[in-house]
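Derivation of every value follows stated rules applied to the coordinates shown; laboratory data play no part. The model shown is predicted, which means the values in this text are computed figures rather than measured ones. Cβ placement follows ideal geometry from the backbone for every residue including glycine, while neighbour counts extend to all protein chains displayed.
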Amino acid sequence: MPFPSGSAGRLLAETWEAVLDQLEGDLAGAQRVLDAEVTADDAGALRPVPDAWLPPSGLGPLPPELAARAHDLAAAQVELARRLEQARRRAARHLTVLDAVPAAPSPAPVFVDARG
């Protein structure tokens, strides 16, 4: 299917640019969290990411001039997924260690004053 020309092609390119901008913003936000540039207090300001991304209806074909940008974004997403999996495994190991630590003793007295 040939890419539309004229105003239809420009509108399609602008729509795709907005979609790529949004995806790149989501990627950058996730990278900041992984790089610890976002604290727990700041994390609430990040836009929630849906369970599965669905392209806007009627998006149309990717303009050829945006193909390299989309390819780079896809590669960055794959790298981020790899880093997220490493972080998940590291957190799981930490939780396993924490689970092995005995619970804190109860706040009850440890001895009885038998003289007093």
Please give the FRET efficiency for E14 paired with E85, using the beta carbon to beta carbon distance and R0 = 25 Å, rounded to the nearest 0.05. 0.10
If we sort 98-107, 74-83, 21-30 on the protection proxy, mean other Cβ atoms within 10 Å, highest first, what's the order? 21-30, 74-83, 98-107
Taking 7 Å along the Cα-to-C-beta vector as the label spot, tell me the A103-L54 distance in nanometres, rounded to one decimal. 4.5
With 0.36 nm assigned to each residue of separation and the Cα-Cα distance removed, A68 to L23 gains 14.7 nm
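Starting with the fewest neighbours, write out W53, W16 ranked by other beta-carbon atoms found within 10 Å of each beta-carbon. Intermediate values should be presented prior to the final figure.
Numbers: W53 11, W16 21.
Ranking W53, W16 by Cβ neighbours within 10 Å, fewest first, gives W53, W16.
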How far apart, in nanometres, would the label points at L34 and V110 be if each is projected 7 angstrom from Cα along the Cα-to-Cβ direction? 4.5
